[in-house]
1. Counting only protein heavy atoms and using a 1.4 Å probe, what share of the accessible area of the range 175-262 belongs to carbon plus sulfur, as a whole percent?
2. Computed from the mean reciprocal separation of all distinct C-alpha pairs, what Kirkwood hydrodynamic radius does the range 296-351 have, in Å?
3. Between Arg351 and Ala314, what is the label-to-label distance in nm when each label sits 7 Å out along the Cα-to-Cβ direction?
4. For Ala139, enumerate residues with amide H under 5 Å from its amide H, sequence gap 5+ or separate chain, H modeled in the peptide plane.
5. Between Ala14 and Glu132, what FRET efficiency follows from the Cβ-Cβ distance if R0 is 22 Å, with the result rounded to 0.05?
6. So if I take the centroid of the Cα atoms in the range 430-489 and the same for the range 190-242, what is the distance between those two points in Å?
7. Quickly work out the Glu239-to-Arg269 label distance, labels modelled 7 Å from Cα along the C-beta direction, and quote it in nm with one decimal.
8. How much accessible surface does Trp272 have with a 1.4 Å probe, in Å² rounded to 10?
Amino acid sequence: MLSRVGAAKRFLQAARSNKHLNAFISLKPEETLLAEAASVDSRLGTLQKSEHSSIDGRIIAVKDNICTTDLPTTCASEMLRGYVSPYEATVVQNLKRAGAIIMGKTNMDEFGMGSHSIYSAFGAVVGPSPPESQHPRSAGGSSGGSAVAVAMGMCDAALGTDTGGSVRLPASYCGVVGFKPSYGMLSRLGVVAYANSLDTVGILGKDVESVKNVFDEINEHDPRDPTSLSAETRKRLRENLSESSYSKESLRIGIPAEYNVHELTPAVREAWETVAQKLLSLGHQITNISLPHTKHSLSSYYVLAPAEASSNLAKYDGVRYGHRSDADRSTPPDNILFAPTRHTGFGAEVRRRILMGAYALSSEAKENYFIQAQKVRALVQRDFDQAFVQPNWLKCGKDKRGPPGGGGRVDVILAPCALSTAPLLSDVRGQASPLDAYVNDVLTVPASLAGVPAVSVPVFVESGQNQQRRPIGMQIMAQFGDEKVLWEAAKILEGLGTIKA
Ligand code: GLN
(Lines give C-alpha, C1' and ligand atoms only; values in the text may rest on other atoms or scores of the structure.)
Protein backbone atom coordinates (compact mmCIF):
# COMPACT_ATOMS: atom_id res chain seq x y z
CA MET A 1 0.00 0.00 0.00
CA LEU A 2 1.17 3.51 -0.82
CA SER A 3 2.38 5.31 2.33
CA ARG A 4 -0.34 7.46 3.80
CA VAL A 5 1.86 10.55 3.41
CA GLY A 6 2.29 9.64 -0.25
CA ALA A 7 -1.47 9.17 -0.64
CA ALA A 8 -2.24 12.46 1.14
CA LYS A 9 0.14 14.34 -1.17
CA ARG A 10 -1.40 12.76 -4.23
CA PHE A 11 -4.94 13.60 -3.07
CA LEU A 12 -3.99 17.21 -2.31
CA GLN A 13 -2.39 17.51 -5.72
CA ALA A 14 -5.56 16.14 -7.38
CA ALA A 15 -7.73 18.55 -5.37
CA ARG A 16 -5.55 21.51 -6.38
CA SER A 17 -5.28 20.68 -10.03
CA ASN A 18 -9.05 20.16 -10.20
CA LYS A 19 -10.07 23.30 -8.34
CA HIS A 20 -12.35 24.20 -11.25
CA LEU A 21 -14.61 21.26 -10.30
CA ASN A 22 -15.32 22.96 -6.96
CA ALA A 23 -15.60 19.66 -5.09
CA PHE A 24 -14.48 20.96 -1.68
CA ILE A 25 -15.82 23.81 0.42
CA SER A 26 -12.94 23.45 2.88
CA LEU A 27 -9.80 21.35 2.89
CA LYS A 28 -7.78 20.36 5.91
CA PRO A 29 -4.57 22.47 6.04
CA GLU A 30 -1.70 20.66 4.31
CA GLU A 31 0.58 20.53 7.38
CA THR A 32 -2.16 18.98 9.53
CA LEU A 33 -3.11 16.44 6.87
CA LEU A 34 0.49 15.38 6.29
CA ALA A 35 1.22 15.21 10.01
CA GLU A 36 -1.83 12.97 10.56
CA ALA A 37 -0.78 10.76 7.63
CA ALA A 38 2.79 10.53 8.94
CA SER A 39 1.56 9.44 12.35
CA VAL A 40 -0.55 6.70 10.73
CA ASP A 41 2.46 5.56 8.70
CA SER A 42 4.58 5.15 11.79
CA ARG A 43 1.77 3.41 13.68
CA LEU A 44 0.92 1.03 10.81
CA GLY A 45 4.57 0.21 10.28
CA THR A 46 4.68 -1.58 13.62
CA LEU A 47 1.38 -3.48 13.25
CA GLN A 48 0.35 -6.66 11.48
CA LYS A 49 -2.43 -6.26 8.91
CA SER A 50 -4.86 -8.15 11.13
CA GLU A 51 -4.22 -5.71 13.97
CA HIS A 52 -5.68 -2.63 12.37
CA SER A 53 -9.08 -1.72 10.96
CA SER A 54 -9.70 -2.03 7.25
CA ILE A 55 -9.90 1.76 6.96
CA ASP A 56 -6.96 2.66 9.19
CA GLY A 57 -5.17 5.56 7.51
CA ARG A 58 -7.79 5.89 4.76
CA ILE A 59 -8.33 9.49 3.78
CA ILE A 60 -12.01 10.34 3.67
CA ALA A 61 -13.90 13.39 2.45
CA VAL A 62 -17.04 14.41 4.33
CA LYS A 63 -20.09 16.20 2.94
CA ASP A 64 -20.50 19.66 4.38
CA ASN A 65 -23.76 18.90 6.19
CA ILE A 66 -22.01 16.45 8.54
CA CYS A 67 -20.59 18.17 11.63
CA THR A 68 -16.87 18.39 12.26
CA THR A 69 -15.21 20.45 14.97
CA ASP A 70 -12.00 21.35 13.14
CA LEU A 71 -13.57 22.51 9.85
CA PRO A 72 -16.74 24.56 9.29
CA THR A 73 -20.06 22.88 8.49
CA THR A 74 -21.92 25.18 6.11
CA CYS A 75 -24.47 22.94 4.33
CA ALA A 76 -23.37 25.05 1.32
CA SER A 77 -25.65 27.78 2.66
CA GLU A 78 -25.09 31.48 3.23
CA MET A 79 -27.02 30.91 6.43
CA LEU A 80 -24.19 28.81 7.91
CA ARG A 81 -21.14 30.32 6.18
CA GLY A 82 -18.21 29.93 8.57
CA TYR A 83 -20.25 28.02 11.18
CA VAL A 84 -18.14 25.62 13.24
CA SER A 85 -20.04 22.96 15.16
CA PRO A 86 -19.24 22.53 18.86
CA TYR A 87 -19.57 18.76 18.48
CA GLU A 88 -18.71 16.10 15.95
CA ALA A 89 -21.12 13.78 14.12
CA THR A 90 -21.01 10.20 15.42
CA VAL A 91 -20.14 8.90 11.95
CA VAL A 92 -17.07 11.18 11.90
CA GLN A 93 -16.08 10.07 15.39
CA ASN A 94 -16.44 6.45 14.28
CA LEU A 95 -14.29 7.06 11.21
CA LYS A 96 -11.55 8.58 13.37
CA ARG A 97 -11.80 5.78 15.92
CA ALA A 98 -11.09 3.34 13.09
CA GLY A 99 -7.98 5.36 12.18
CA ALA A 100 -9.35 7.24 9.17
CA ILE A 101 -8.22 10.77 8.36
CA ILE A 102 -10.66 13.51 7.29
CA MET A 103 -9.56 15.20 4.07
CA GLY A 104 -12.02 18.10 4.01
CA LYS A 105 -15.66 19.04 3.54
CA THR A 106 -17.34 18.60 0.19
CA ASN A 107 -19.59 20.90 -1.78
CA MET A 108 -23.27 20.07 -2.22
CA ASP A 109 -26.73 21.42 -2.91
CA GLU A 110 -27.76 23.75 -0.10
CA PHE A 111 -29.06 21.66 2.84
CA GLY A 112 -29.13 18.62 0.51
CA MET A 113 -31.91 19.99 -1.68
CA GLY A 114 -31.18 19.38 -5.32
CA SER A 115 -30.05 16.85 -7.88
CA HIS A 116 -27.14 18.58 -9.64
CA SER A 117 -25.12 20.35 -6.90
CA ILE A 118 -25.76 23.68 -8.56
CA TYR A 119 -27.65 25.20 -5.61
CA SER A 120 -24.60 25.98 -3.50
CA ALA A 121 -23.66 29.32 -1.95
CA PHE A 122 -20.08 28.37 -2.86
CA GLY A 123 -20.76 27.88 -6.57
CA ALA A 124 -21.82 24.77 -8.47
CA VAL A 125 -19.90 21.51 -8.44
CA VAL A 126 -18.74 20.52 -11.94
CA GLY A 127 -18.72 16.89 -13.06
CA PRO A 128 -15.35 15.23 -13.83
CA SER A 129 -13.86 17.13 -16.79
CA PRO A 130 -10.67 18.98 -17.76
CA PRO A 131 -10.45 22.74 -17.00
CA GLU A 132 -10.68 23.66 -20.66
CA SER A 133 -13.88 21.66 -21.22
CA GLN A 134 -16.45 23.73 -23.12
CA HIS A 135 -19.33 21.46 -22.16
CA PRO A 136 -18.97 20.35 -18.56
CA ARG A 137 -21.53 17.94 -17.19
CA SER A 138 -23.55 17.76 -14.00
CA ALA A 139 -21.88 16.01 -11.07
CA GLY A 140 -25.31 15.01 -9.78
CA GLY A 141 -26.52 16.02 -6.37
CA SER A 142 -26.82 16.72 -3.69
CA SER A 143 -23.58 14.92 -2.70
CA GLY A 144 -21.89 16.04 -5.94
CA GLY A 145 -18.68 17.19 -4.26
CA SER A 146 -18.21 13.81 -2.59
CA ALA A 147 -18.75 11.95 -5.88
CA VAL A 148 -16.31 14.18 -7.78
CA ALA A 149 -13.71 13.89 -4.99
CA VAL A 150 -13.85 10.08 -5.29
CA ALA A 151 -13.99 10.00 -9.09
CA MET A 152 -11.02 12.36 -9.49
CA GLY A 153 -8.80 10.65 -6.92
CA MET A 154 -8.91 13.34 -4.24
CA CYS A 155 -9.62 10.85 -1.40
CA ASP A 156 -9.98 7.13 -0.69
CA ALA A 157 -13.73 7.37 -0.06
CA ALA A 158 -16.33 9.95 0.94
CA LEU A 159 -19.38 10.37 3.12
CA GLY A 160 -22.51 11.86 1.64
CA THR A 161 -26.15 11.98 2.68
CA ASP A 162 -29.05 10.40 0.83
CA THR A 163 -32.60 11.53 1.53
CA GLY A 164 -34.10 10.75 -1.86
CA GLY A 165 -31.10 9.72 -3.95
CA SER A 166 -28.37 12.24 -3.17
CA VAL A 167 -25.60 9.65 -2.92
CA ARG A 168 -26.83 7.31 -5.65
CA LEU A 169 -27.53 9.92 -8.33
CA PRO A 170 -24.09 11.64 -8.20
CA ALA A 171 -22.42 8.23 -7.97
CA SER A 172 -24.25 7.26 -11.14
CA TYR A 173 -23.26 10.45 -13.01
CA CYS A 174 -19.62 10.32 -11.87
CA GLY A 175 -19.04 6.58 -12.37
CA VAL A 176 -18.38 5.62 -8.74
CA VAL A 177 -20.11 3.36 -6.22
CA GLY A 178 -22.71 5.10 -4.02
CA PHE A 179 -24.45 3.34 -1.14
CA LYS A 180 -27.49 4.27 0.94
CA PRO A 181 -27.94 1.98 3.96
CA SER A 182 -31.21 0.89 5.52
CA TYR A 183 -32.76 3.79 7.42
CA GLY A 184 -31.43 3.96 10.98
CA MET A 185 -28.24 1.93 10.41
CA LEU A 186 -25.81 4.86 10.42
CA SER A 187 -26.15 7.48 13.11
CA ARG A 188 -27.63 10.85 12.13
CA LEU A 189 -26.37 12.59 15.25
CA GLY A 190 -24.50 15.64 13.98
CA VAL A 191 -25.90 15.31 10.47
CA VAL A 192 -27.82 18.48 9.68
CA ALA A 193 -31.42 17.42 9.15
CA TYR A 194 -33.18 17.89 5.83
CA ALA A 195 -36.07 15.40 6.18
CA ASN A 196 -35.51 13.28 9.28
CA SER A 197 -37.71 10.34 8.35
CA LEU A 198 -35.79 9.87 5.09
CA ASP A 199 -32.25 11.11 5.83
CA THR A 200 -29.43 8.57 5.76
CA VAL A 201 -25.66 8.90 5.73
CA GLY A 202 -24.29 7.27 2.59
CA ILE A 203 -20.85 6.26 1.38
CA LEU A 204 -19.12 6.78 -1.96
CA GLY A 205 -16.03 4.94 -3.14
CA LYS A 206 -14.21 3.65 -6.20
CA ASP A 207 -15.29 0.07 -5.64
CA VAL A 208 -17.78 -1.97 -3.64
CA GLU A 209 -15.19 -3.33 -1.21
CA SER A 210 -13.93 0.09 -0.13
CA VAL A 211 -17.49 1.32 0.47
CA LYS A 212 -18.37 -1.81 2.44
CA ASN A 213 -15.24 -1.42 4.58
CA VAL A 214 -16.21 2.12 5.58
CA PHE A 215 -19.77 0.99 6.32
CA ASP A 216 -18.64 -1.92 8.50
CA GLU A 217 -16.48 0.37 10.63
CA ILE A 218 -19.09 3.05 11.28
CA ASN A 219 -22.25 0.94 11.43
CA GLU A 220 -23.42 0.64 15.04
CA HIS A 221 -26.19 1.71 17.38
CA ASP A 222 -25.87 5.29 18.60
CA PRO A 223 -27.66 5.88 21.90
CA ARG A 224 -27.64 9.60 21.17
CA ASP A 225 -29.69 9.25 17.97
CA PRO A 226 -33.28 8.23 18.79
CA THR A 227 -33.80 6.83 15.27
CA SER A 228 -30.65 4.69 15.34
CA LEU A 229 -31.60 1.01 15.21
CA SER A 230 -31.24 -0.52 18.67
CA ALA A 231 -28.84 -3.36 19.44
CA GLU A 232 -31.85 -5.62 19.91
CA THR A 233 -33.34 -4.78 16.50
CA ARG A 234 -29.96 -5.26 14.85
CA LYS A 235 -29.69 -8.67 16.46
CA ARG A 236 -33.18 -9.62 15.25
CA LEU A 237 -32.33 -8.52 11.71
CA ARG A 238 -28.99 -10.31 11.75
CA GLU A 239 -30.29 -13.58 13.14
CA ASN A 240 -33.31 -13.83 10.89
CA LEU A 241 -31.58 -12.68 7.74
CA SER A 242 -28.62 -14.98 8.24
CA GLU A 243 -31.01 -17.89 7.83
CA SER A 244 -31.78 -16.47 4.43
CA SER A 245 -31.96 -19.00 1.68
CA TYR A 246 -30.33 -17.15 -1.20
CA SER A 247 -27.47 -18.60 -3.20
CA LYS A 248 -24.64 -16.38 -4.40
CA GLU A 249 -24.39 -18.37 -7.59
CA SER A 250 -28.05 -18.05 -8.39
CA LEU A 251 -29.52 -14.86 -7.00
CA ARG A 252 -33.19 -14.18 -7.60
CA ILE A 253 -33.16 -10.76 -9.20
CA GLY A 254 -36.32 -8.72 -9.78
CA ILE A 255 -36.82 -6.32 -12.67
CA PRO A 256 -39.57 -3.86 -11.70
CA ALA A 257 -41.77 -3.06 -14.67
CA GLU A 258 -42.71 0.37 -13.28
CA TYR A 259 -39.09 1.58 -13.40
CA ASN A 260 -39.21 1.37 -17.17
CA VAL A 261 -40.56 4.92 -17.35
CA HIS A 262 -40.82 6.60 -20.73
CA GLU A 263 -38.29 9.30 -19.70
CA LEU A 264 -35.57 6.61 -19.51
CA THR A 265 -33.03 7.31 -22.24
CA PRO A 266 -32.40 4.47 -24.72
CA ALA A 267 -28.76 4.11 -23.60
CA VAL A 268 -29.79 3.49 -20.01
CA ARG A 269 -32.62 1.13 -20.98
CA GLU A 270 -30.25 -0.88 -23.19
CA ALA A 271 -27.63 -1.07 -20.46
CA TRP A 272 -30.28 -2.32 -18.02
CA GLU A 273 -31.37 -5.03 -20.48
CA THR A 274 -27.80 -6.06 -21.26
CA VAL A 275 -26.90 -6.29 -17.58
CA ALA A 276 -29.97 -8.46 -16.92
CA GLN A 277 -29.02 -10.73 -19.86
CA LYS A 278 -25.46 -11.05 -18.60
CA LEU A 279 -26.64 -11.94 -15.11
CA LEU A 280 -28.96 -14.56 -16.56
CA SER A 281 -26.11 -16.10 -18.53
CA LEU A 282 -24.08 -16.26 -15.32
CA GLY A 283 -26.76 -18.47 -13.76
CA HIS A 284 -28.82 -15.91 -11.85
CA GLN A 285 -32.61 -15.89 -12.07
CA ILE A 286 -34.23 -12.86 -13.60
CA THR A 287 -37.87 -12.31 -12.65
CA ASN A 288 -40.25 -9.59 -13.75
CA ILE A 289 -41.85 -7.99 -10.75
CA SER A 290 -44.25 -5.15 -10.08
CA LEU A 291 -43.89 -2.29 -7.62
CA PRO A 292 -47.25 -0.77 -8.50
CA HIS A 293 -47.05 2.44 -6.47
CA THR A 294 -43.72 3.55 -7.90
CA LYS A 295 -45.34 6.18 -10.06
CA HIS A 296 -46.75 7.93 -7.01
CA SER A 297 -43.45 7.91 -5.11
CA LEU A 298 -42.17 11.13 -6.52
CA SER A 299 -45.24 13.15 -5.57
CA SER A 300 -45.29 11.60 -2.13
CA TYR A 301 -41.59 12.40 -1.63
CA TYR A 302 -41.93 15.98 -2.81
CA VAL A 303 -44.69 16.58 -0.26
CA LEU A 304 -43.08 14.80 2.69
CA ALA A 305 -39.46 15.94 2.28
CA PRO A 306 -40.31 19.67 2.00
CA ALA A 307 -42.82 19.33 4.88
CA GLU A 308 -40.10 17.99 7.16
CA ALA A 309 -37.61 20.51 5.79
CA SER A 310 -39.88 23.47 6.49
CA SER A 311 -40.05 22.40 10.10
CA ASN A 312 -36.31 21.61 10.41
CA LEU A 313 -35.19 24.85 8.84
CA ALA A 314 -37.39 27.01 11.07
CA LYS A 315 -34.51 27.23 13.54
CA TYR A 316 -32.39 29.32 11.15
CA ASP A 317 -33.80 32.65 12.20
CA GLY A 318 -30.73 34.83 12.49
CA VAL A 319 -30.87 34.75 16.27
CA ARG A 320 -29.26 31.44 17.13
CA TYR A 321 -27.24 30.50 14.06
CA GLY A 322 -24.88 32.17 11.63
CA HIS A 323 -26.10 34.72 9.17
CA ARG A 324 -28.15 37.79 10.08
CA SER A 325 -29.25 40.26 7.44
CA ASP A 326 -28.29 43.94 7.67
CA ALA A 327 -31.78 44.63 6.46
CA ASP A 328 -33.20 43.23 9.66
CA ARG A 329 -35.65 45.72 11.05
CA SER A 330 -36.14 44.26 14.43
CA THR A 331 -37.03 47.57 16.02
CA PRO A 332 -40.41 49.26 16.07
CA PRO A 333 -42.37 50.09 14.06
CA ASP A 334 -41.41 47.27 11.65
CA ASN A 335 -40.38 44.52 14.03
CA ILE A 336 -39.35 42.27 11.17
CA LEU A 337 -36.63 40.06 12.50
CA PHE A 338 -36.69 36.78 10.62
CA ALA A 339 -37.86 37.58 7.11
CA PRO A 340 -34.87 39.55 5.73
CA THR A 341 -32.41 37.10 7.31
CA ARG A 342 -34.19 34.08 5.90
CA HIS A 343 -34.58 35.73 2.53
CA THR A 344 -30.88 36.47 2.13
CA GLY A 345 -29.58 33.45 4.07
CA PHE A 346 -31.41 30.78 2.06
CA GLY A 347 -31.10 30.25 -1.68
CA ALA A 348 -34.11 30.19 -3.99
CA GLU A 349 -34.50 26.40 -4.00
CA VAL A 350 -34.46 26.13 -0.22
CA ARG A 351 -37.02 28.93 0.06
CA ARG A 352 -39.19 27.11 -2.48
CA ARG A 353 -39.04 23.91 -0.44
CA ILE A 354 -39.90 25.76 2.77
CA LEU A 355 -42.93 27.32 1.10
CA MET A 356 -44.08 23.99 -0.38
CA GLY A 357 -43.62 22.25 2.95
CA ALA A 358 -45.33 24.92 5.01
CA TYR A 359 -48.25 24.80 2.60
CA ALA A 360 -48.50 21.00 2.70
CA LEU A 361 -48.70 21.19 6.49
CA SER A 362 -51.19 24.05 6.63
CA SER A 363 -54.68 23.31 7.93
CA GLU A 364 -56.05 24.01 4.46
CA ALA A 365 -53.83 21.47 2.69
CA LYS A 366 -52.80 18.91 5.29
CA GLU A 367 -55.50 16.32 4.58
CA ASN A 368 -55.09 16.48 0.83
CA TYR A 369 -51.32 16.59 0.72
CA PHE A 370 -49.41 15.55 3.83
CA ILE A 371 -51.78 12.81 4.97
CA GLN A 372 -52.25 11.46 1.43
CA ALA A 373 -48.49 11.40 0.92
CA GLN A 374 -48.03 9.40 4.12
CA LYS A 375 -50.60 6.89 2.87
CA VAL A 376 -48.79 6.57 -0.45
CA ARG A 377 -45.55 6.05 1.45
CA ALA A 378 -47.08 3.12 3.31
CA LEU A 379 -48.19 1.60 -0.02
CA VAL A 380 -44.69 1.99 -1.48
CA GLN A 381 -43.28 0.21 1.57
CA ARG A 382 -45.81 -2.57 1.10
CA ASP A 383 -44.80 -2.97 -2.55
CA PHE A 384 -41.23 -3.70 -1.48
CA ASP A 385 -42.31 -6.05 1.31
CA GLN A 386 -44.36 -8.04 -1.18
CA ALA A 387 -41.53 -8.28 -3.69
CA PHE A 388 -38.83 -9.78 -1.48
CA VAL A 389 -38.51 -13.39 -0.38
CA GLN A 390 -37.46 -12.06 3.01
CA PRO A 391 -40.08 -10.51 5.24
CA ASN A 392 -39.48 -7.10 6.72
CA TRP A 393 -37.89 -8.06 10.02
CA LEU A 394 -37.95 -4.48 11.25
CA LYS A 395 -41.69 -4.64 11.56
CA CYS A 396 -42.21 -8.17 12.72
CA GLY A 397 -42.01 -9.11 16.37
CA LYS A 398 -39.68 -11.45 18.20
CA ASP A 399 -42.30 -14.18 18.01
CA LYS A 400 -41.90 -14.08 14.21
CA ARG A 401 -45.67 -14.06 13.96
CA GLY A 402 -47.28 -12.29 11.07
CA PRO A 403 -44.25 -10.61 9.61
CA PRO A 404 -45.30 -8.17 6.92
CA GLY A 405 -44.45 -9.27 3.45
CA GLY A 406 -42.10 -12.12 2.69
CA GLY A 407 -43.22 -14.80 0.33
CA GLY A 408 -42.21 -12.59 -2.57
CA ARG A 409 -40.00 -13.91 -5.28
CA VAL A 410 -36.70 -12.00 -5.23
CA ASP A 411 -33.55 -11.47 -3.16
CA VAL A 412 -32.70 -8.15 -4.76
CA ILE A 413 -34.16 -5.68 -7.25
CA LEU A 414 -32.20 -4.37 -10.23
CA ALA A 415 -33.02 -1.05 -11.89
CA PRO A 416 -31.19 1.94 -13.30
CA CYS A 417 -30.28 4.70 -10.89
CA ALA A 418 -30.80 7.67 -13.20
CA LEU A 419 -32.82 8.39 -16.31
CA SER A 420 -29.74 9.30 -18.33
CA THR A 421 -26.00 9.66 -18.10
CA ALA A 422 -24.81 12.99 -16.66
CA PRO A 423 -26.55 15.85 -18.50
CA LEU A 424 -24.73 19.01 -19.58
CA LEU A 425 -24.59 21.63 -16.85
CA SER A 426 -25.79 24.22 -19.34
CA ASP A 427 -28.92 22.14 -20.00
CA VAL A 428 -29.57 21.69 -16.31
CA ARG A 429 -29.21 25.42 -15.68
CA GLY A 430 -31.48 26.18 -18.60
CA GLN A 431 -34.32 23.98 -17.37
CA ALA A 432 -37.57 25.87 -17.52
CA SER A 433 -39.04 24.51 -14.29
CA PRO A 434 -37.62 23.10 -11.06
CA LEU A 435 -39.90 20.12 -11.67
CA ASP A 436 -37.50 19.00 -14.40
CA ALA A 437 -34.86 18.40 -11.74
CA TYR A 438 -37.33 16.68 -9.41
CA VAL A 439 -38.13 14.13 -12.14
CA ASN A 440 -34.50 12.92 -11.98
CA ASP A 441 -35.22 11.35 -8.62
CA VAL A 442 -37.99 9.07 -9.83
CA LEU A 443 -35.79 5.94 -9.70
CA THR A 444 -34.22 6.64 -6.31
CA VAL A 445 -37.00 7.96 -4.06
CA PRO A 446 -38.97 4.68 -3.73
CA ALA A 447 -36.14 3.00 -1.78
CA SER A 448 -35.89 6.12 0.40
CA LEU A 449 -39.60 6.12 1.19
CA ALA A 450 -39.40 2.42 2.05
CA GLY A 451 -36.17 2.84 4.05
CA VAL A 452 -34.56 -0.11 2.27
CA PRO A 453 -30.84 -0.28 1.38
CA ALA A 454 -29.76 0.58 -2.15
CA VAL A 455 -26.47 0.94 -3.98
CA SER A 456 -25.52 2.39 -7.34
CA VAL A 457 -22.77 0.48 -9.12
CA PRO A 458 -21.29 1.82 -12.35
CA VAL A 459 -21.35 -0.46 -15.36
CA PHE A 460 -19.21 0.69 -18.22
CA VAL A 461 -20.76 0.78 -21.63
CA GLU A 462 -18.56 0.97 -24.70
CA SER A 463 -20.20 2.47 -27.72
CA GLY A 464 -19.59 4.28 -30.99
CA GLN A 465 -16.71 4.00 -33.39
CA ASN A 466 -14.21 5.55 -30.99
CA GLN A 467 -15.28 3.06 -28.32
CA GLN A 468 -16.17 5.73 -25.78
CA ARG A 469 -16.57 4.22 -22.32
CA ARG A 470 -19.39 5.77 -20.34
CA PRO A 471 -20.48 4.83 -16.83
CA ILE A 472 -24.15 4.08 -16.22
CA GLY A 473 -25.27 3.59 -12.62
CA MET A 474 -27.19 0.39 -11.97
CA GLN A 475 -29.10 0.25 -8.74
CA ILE A 476 -29.52 -2.77 -6.48
CA MET A 477 -32.14 -2.66 -3.73
CA ALA A 478 -32.72 -5.23 -0.98
CA GLN A 479 -35.07 -5.89 1.93
CA PHE A 480 -34.69 -3.75 5.06
CA GLY A 481 -31.50 -4.69 6.92
CA ASP A 482 -30.35 -7.09 4.21
CA GLU A 483 -27.12 -5.27 3.35
CA LYS A 484 -25.40 -8.65 3.13
CA VAL A 485 -27.22 -9.72 -0.04
CA LEU A 486 -26.88 -6.16 -1.36
CA TRP A 487 -23.06 -6.41 -1.22
CA GLU A 488 -23.13 -9.82 -2.90
CA ALA A 489 -25.22 -8.49 -5.78
CA ALA A 490 -23.16 -5.30 -6.04
CA LYS A 491 -19.94 -7.31 -6.35
CA ILE A 492 -21.47 -9.45 -9.08
CA LEU A 493 -22.43 -6.30 -11.01
CA GLU A 494 -18.96 -4.87 -10.51
CA GLY A 495 -17.48 -8.03 -11.96
CA LEU A 496 -19.39 -7.74 -15.24
CA GLY A 497 -16.67 -5.68 -16.88
CA THR A 498 -17.23 -3.49 -19.89
CA ILE A 499 -20.48 -3.94 -21.76
CA LYS A 500 -20.62 -3.46 -25.51
CA ALA A 501 -23.58 -1.42 -26.72
N1 GLN B 1 -32.88 15.49 -5.16
C2 GLN B 1 -33.63 15.17 -4.01
C3 GLN B 1 -34.10 16.43 -3.33
O4 GLN B 1 -33.78 17.46 -3.79
C5 GLN B 1 -32.85 14.29 -3.08
C6 GLN B 1 -31.94 15.03 -2.22
C7 GLN B 1 -31.24 14.18 -1.19
O8 GLN B 1 -31.26 12.96 -1.25
N9 GLN B 1 -30.64 14.87 -0.22
O10 GLN B 1 -34.78 16.42 -2.36
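1. On the way: 1690 of 3380 Å².
Of all accessible area on the range 175-262, carbon and sulfur atoms account for 50 percent.
2. The answer is 12.6 Å.
3. So the label points at Arg351 and Ala314 sit 2.1 nm apart.
4. Here the answer is Gly127, since their amide H atoms fall under 5 Å of that of Ala139.
5. With a Förster radius of 22 Å, E is 0.80.
6. One Cα centre to the other: 19 Å.
7. In this crude label model, Arg269 to Glu239 measures out at 4.8 nm.
8. 20 Å²
The values are calculated or read from the model by the stated rules, or taken from the named source; none is laboratory data. Predicted model only: the values in this text are computed from it and were never measured. Cβ sites come from the backbone with ideal geometry, for glycine too, and all protein chains shown count toward neighbours. Remember, those area values only see protein heavy atoms, side chains included, never the ligands or the DNA or RNA. Shrake-Rupley method; radii C 1.70, N 1.55, O 1.52, S 1.80 Å.
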